[in-house]
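To start, the structure under review is shown below, and the notes come after it.
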Amino acid sequence: MKNIQEVLKERILVLDGAMGTMIQRHKFTEEDFRGDRFKDWPSPVQGNNDLLSLTQPDTIADIHRQYFAAGADIVETNTFSSTTIGMADYGMQEIVYDLNYESAKLAKEVADEFTAKEPHKPRFVAGSIGPTTKTASMSPDVNDPGFRAITFDALRVAYKQQVEALIDGGCDILLVETIFDTLNAKAALFAIEEVKEERDIDIPIMVSGTITDASGRTLSGQTAEAFLISISHIPILSVGFNCALGASQLVPHLEVLSVKTEHAVSAHPNAGLPNAFGEYDETPEQMAAQIKEYAEKKLVNIVGGCCGTTPEHIKAMSEIVKDYSPRTLNTLIALN
């Protein structure tokens, strides 16, 4: 089976769409979230989507299956919030290893199932590492700008635990995503490098930031180029953006990355901007037409979807990008 670095040179790869959007379709109750294992849990757990990997594994496996069937080359594990920091909201810090390990194992089993059927199109699993609910470089208290809700070291420890479990579960790639604070991302990348060194292994790393508004900056104030420079000391597979913006709003930021990095470039935007009800209205056809611009301009190597996207969106994207060659790698223009 070809590794992901080889496949990236041949074609534009397709990442899956939103896990949360698909979970919402099931309208799970508190009891569904609890399952048998957590039926007596002392606090409410409804809304803890990552928990469903343990209590509704068939549903999560089926979502992965739908994305692969729609044309995805890579699916993300259902672990966006699976750190001790994220699980503290539910008092579930002690199950973090299980959450990551079982989520990775589940996704890998489905990936192997598809690879066995279509050996010419190997399927990969990316361990989803979210930004956590805390930020290391800004104060959450406007009256105390020097205050920090978390330290770099606390983040590093939490991320390390997540990374070890994701690797144990069989992930092919680690995806540090939806980065709004680059210092948080640096803690995750530091933890990954620690694990790689301790285990004497190499695992591809995808890094995906999020531009939060029309200013073209991350929440911690960095432009696309500054964000890229901040993480350039780490050996990574790809760098890109996801969430916050729709596909068309991401174009100028992807153009910056595309000319400034020797790495693959990824994009998994939302299905447009949210409407007044917080829902995403962009149809698969509308979104695919915008992704076509990425492909025509040779901006990307990996595309997928974030909030509001479904297997229908991913199918439309994969149909579009199959006719385009990927952005050429190793065409680095000096950072100035």
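The values are calculated or read from the model by the stated rules, or taken from the named source; none is laboratory data. Keep in mind that what you see is a predicted model, and the values were worked out from it rather than measured. With ideal geometry, Cβ positions are generated from the backbone for all residues, glycine too; neighbour counts draw on all protein chains shown.
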In contact (Cβ under 8 Å) with a residue 12 or more places away in the chain and either polar (S, T, N, Q) or farther than 20 Å from T133 by Cβ (or both), is that true of I173? yes
Being of a type in the set (G, A, S) and either over 20 Å from G240 (Cβ atoms) or surrounded by fewer than 21 Cβ atoms within 10 Å (Cβ to Cβ) (or both) is the requirement here; does G278 meet it? yes
Which condition from (1) of a type in the set (A, V, I, L, M); (2) part of a loop (DSSP other than H, G, I, E, B); (3) surrounded by fewer than 24 Cβ atoms within 10 Å (Cβ to Cβ) is the one that I167 breaks? (2)
It is to be established whether one or more residues within the stretch 130-144 are at negative phi, surrounded by fewer than 20 Cβ atoms within 10 Å (Cβ to Cβ) and in a helix (DSSP H, G or I). no
Given E118, E198, which one is at pLDDT 95 or above and over 24 Å from S266 (Cβ atoms)? E198
So which of L15, L8 is under 22 Å from V239 (Cα atoms), surrounded by 14 or more Cβ atoms within 10 Å (Cβ to Cβ) and in contact with a Pro (Cβ under 8 Å, 6 or more places away or on another chain)? L8
Residues of the stretch 297-327 satisfying the condition of being within 17 Å of the chain's Cα centre (by Cα) and among the polar types (S, T, N, Q): N301, T309, T310
Could you pull out the residue among G91, G20 that is more than 30 Å from K9 (Cβ to Cβ), in contact (Cβ under 8 Å) with a residue 60 or more places away in the chain, surrounded by fewer than 18 Cβ atoms within 10 Å (Cβ to Cβ) and not polar (S, T, N, Q)? G20
Would a scan of the stretch 25-43 turn up a residue that is in a loop (DSSP other than H, G, I, E, B), touching a Lys or Arg at 6+ places or on another chain (Cβ under 8 Å) and on the phi < 0 side of the Ramachandran plot? yes
Positions within the stretch 49-79 being surrounded by 21 or more Cβ atoms within 10 Å (Cβ to Cβ) and part of a loop (DSSP other than H, G, I, E, B), in sequence order: A70, A72, D73, T77, N78, T79
